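Heads up: the structure comes next, in structure tokens.
The values are calculated or read from the model by the stated rules, or taken from the named source; none is laboratory data. None of the values given here were measured: they were computed from a predicted structure. Cβ sites come from the backbone with ideal geometry, for glycine too, and all protein chains shown count toward neighbours.
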Amino acid sequence: MARKQEQRSEETKQSILQAAGQLFAERGYDAVTMREIAKEAGCSHTTIYIYFKDKEALLHQLSMEPLQTLLDAMEKHLQDPLLSPEERLLAISQTFLQFCLTNRSMYALFFMVKSSRVDEQEPALEIQQRRNQLFALLKEAVSAILPLHQPEERKWAFARVYFFTLHGIIGTYAQSEEPYEQLQERLGSTFDLALQVALAGCKQLANEGNVGK
């Protein structure tokens, strides 16, 4: 009997998570209430609080594992000794694009909801800590292709500029229903070209900034 209760409890929890993810993707995090999530999940508005104390808890549960998987994949590329700095940056960029375009309905939830500054030292939310770790990896990869002795604020600036390119690609296809594999087959070379242009631009501007120093 206890095992059946545990199974039902887990099924209810998963139903709540599925309902929350669907509603957040369709209407946005801020517009959805816990009562609406409970209704979509087929449970009472009191039952939902047995499993999740608030929407932030749902945000955490939905986001942390996927973001950790992305972080692990990006770290693997960044630590690959067989890749040049440029190849590492392009590899983590392609990994990031694949993740975001595969999970495009959740992109805003993963990266924008309740977001704060990426250079914040100790963000309150754990999900923001993970976001900042991801951006720190991107900053490290971008910094590695710049000339030596760049001021820290310049490293942050170039990392942000490079991220704008990634965000622009993702935002362009955020509402598209075209599968990632089809997008990649059709536009993968253009995505790579955009990344290479951003990379080359950062390197050139950084070199120009070093002239006379």
- For region 18-32, pairs from a residue that is in a loop (DSSP other than H, G, I, E, B) to a residue that is of a type in the set (Gly, Ala, Ser), with Cβ under 8 Å and 6 or more apart or across chains, are Gly28/Ala108; Tyr29/Ala108; Val32/Ala20
- Result of the Cβ filter at 8 Å on region 163-181, keeping first residues that are over 17 Å from Gln196 (Cβ atoms) and partners that are exposed (fewer than 13 other Cβ atoms within 10 Å of the Cβ), at least 6 apart or interchain, is Glu178/Arg186
- Restricting attention to region 89-125, report how many residues are in contact with a His (Cβ under 6 Å, 6 or more places away or on another chain) and free of Cβ contacts under 8 Å to residues at least 40 places away in the same chain. 1
- Can you name every residue in region 39-64 that is in a helix (DSSP H, G or I) and closer than 15 Å to Ser9 by Cβ? Ala41, Ile48, Tyr49, Ile50, Tyr51, Gln61
- Message: Taking the conditions exactly as written (in contact (Cβ under 8 Å) with a residue 12 or more places away in the chain and surrounded by fewer than 19 Cβ atoms within 10 Å (Cβ to Cβ)), does Leu146 satisfy them or not?
- Response: no
- Query: Quick one: would you say Gln79 is surrounded by fewer than 18 Cβ atoms within 10 Å (Cβ to Cβ) and within 15 Å of Tyr162 (Cβ to Cβ)?
  - Reply: no
- Query: So which of Gln182, Gln128, Gln121, Gln204 is of a type outside the set (Gly, Ala, Ser) and surrounded by 14 or more Cβ atoms within 10 Å (Cβ to Cβ)?
  - Reply: Gln128
- Item | Selection status of Leu82, without any contact (Cβ under 8 Å) to a residue 24 or more places away in the chain, in a loop (DSSP other than H, G, I, E, B) and over 15 Å from the mean Cα position of the chain (by Cα) | yes
- Matching entry among Gln98, Gln121, Gln133 (being of a type outside the set (Gly, Ala, Ser), over 22 Å from Gly188 (Cβ atoms) and at pLDDT 95 or above): Gln133
- When Ala57 is evaluated against the numbered criteria (1) more than 29 Å from Leu134 (Cα to Cα); (2) surrounded by 13 or more Cβ atoms within 10 Å (Cβ to Cβ); (3) without any contact (Cβ under 8 Å) to a residue 12 or more places away in the chain, which criterion, by number, is the only one it fails? (1)
- Message: If I filter region 156-193 down to residues being within 17 Å of Arg104 (Cβ to Cβ) and among the aliphatic types (A, V, I, L, M), which single residue comes out as modelled with the lowest pLDDT?
- Response: Ala174
